1. Given a Förster distance of 51 Å, report the FRET efficiency between His60 and Arg140 from their Cβ-Cβ distance, rounded to the nearest 0.05.
2. What is the spin-label model distance, in nm, from Met290 to Ile42 if the labels are put 7 Å beyond Cα along the C-beta direction?
3. Under a plain spin-label model, where a point goes 7 Å from the Cα along Cα-to-Cβ, how far apart in nm are Asp191 and Leu133?
4. Which semi-axis lengths, in whole Å and largest first, follow from the square roots of five times the eigenvalues of the Cα gyration tensor of segment 13-73?
5. Of the trypsin sites (Lys or Arg not before Pro) in segment 167-248, which ones lie in a loop per DSSP and count no more than 12 other C-beta atoms within 10 Å?
6. Check each of the GluC sites (Glu not before Pro) in segment 112-217 and keep only those in coil by DSSP with at most 13 other C-beta atoms within 10 angstrom; list them in order.
7. From Cα pairs below 8 angstrom and at least 6 apart in sequence, can you work out the relative contact order of segment 2-81, rounded to a whole percent?
Amino acid sequence: MISDWGQVMDDWDEIRTAYQVARFGTVSGAAEVLGVHHATVIRHIDALETRLGVKLFQRHARGYTPTEAGQDLLQVAQVTDDQFSQLFSRIKGQREALSGELVVTSLQGMTELLIPVLMAFQAEHPDIIIRHLTGERLFRLEYGEAHVAIRAGAIPEEPDNVIQPLVMQNMSLAAAESYIDRFGAPKDQADLVNHRFVGHDAEDYRAPYMRWLSGVIPRERVVYRTLDLVEMYDAVTAGAGIGFVPSWFLPSRPTLREVMPPQDDWVAPLWVVTHVDLHRSAKVQGFLRMLKAAAQEWSHQGCSVPTGSPSSKKSASKASSTSS
């Protein structure tokens, strides 16, 4: 009687139309709830009956009454329609509700600034699970690896991302008092070649302050090297050598001394990046509002608020940022 159930199930529109006709008992009632012309309803019923090779309805003056075959099909259709409705409600709720995971990826060195923001967001929305991922790897937003990325360096350019300037992170060349007690402080820039430095293990690390340093001192003067930015800051604080730390870092480290005035060449622009498909979700927008408010406070702690263009979508090749 039924030659191809796959073909029938592929055309859910016709089955849904039949279900609504059975619910209301009239073509006009089904047409109104479906938002289609009554001729479309009749065409769907005729096509479905032709495909199945059975009559699904008895037509009479008062409307349509399902046959036995129609009842069998429509019971399944009702369950399927209910399941679709529940599925759509769950998907919509997940998009709008501030719950589930919020995945934020950032530079390692920003942890101290970001933890209070992440905790404050979670305090307002206790159903949120925070996942804060740091490291050198460039997390791919287009594959759902993160909701929000904070990146440094040149403006990211992956396709379909929304790019917004966050802050300009000012960097300070600093040394611990314990280092200065042992080796003294550099008298000027020319004297830097006579000192010991903490730096990044990657010789081609593209942070602007590290590029500046590589042009001023020989590589062998970088005597303590690491891939971890937090360890780099800790090593400077411990007296392993002179090194760069964020300017906001200094007030909370009384044993650190700035050994050279900050230079424009050392400034690292920070960008906040989201994927266009998730950018407007309530969860992402809520976090972005809190993050930008916090960035205004950071401007009083050694960062400056950029005056760049508003959010924009980029469609070029891979980003050239220094970190994820």
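No lab work stands behind these numbers, since they all come straight from the coordinates. Being a predicted model, the structure only gives us computed values, none of them experimental. Glycine gets a Cβ as well: all are built from the backbone with ideal geometry, and neighbour counts include every protein chain shown.
1. Once rounded, the FRET efficiency stands at 0.25.
2. My value for the distance between the label points is 5.8 nm.
3. Output for this residue pair reads 4.6 nm.
4. Numbers: eigenvalues 53, 33, 19 Å².
Rounded to whole Å, the semi-axes are 16, 13, 10.
5. Numbers: sites: Arg182, Lys187, Arg196, Arg206, Arg211, Arg219, Arg221, Arg225; in loops: Lys187, Arg196, Arg206.
For trypsin sites (Lys or Arg not before Pro) across segment 167-248 that sit outside H, G, I, E and B with at most 12 neighbouring Cβ atoms in 10 Å, the list reads Lys187.
6. Numbers: sites: Glu112, Glu124, Glu136, Glu142, Glu145, Glu157, Glu177, Glu203; in loops: Glu136, Glu145, Glu157, Glu203.
Passing both the DSSP loop test and the Cβ count: Glu203.
7. Working: 86 pairs, mean separation 25.3, N = 80.
Computed value for segment 2-81: 32 percent relative contact order.
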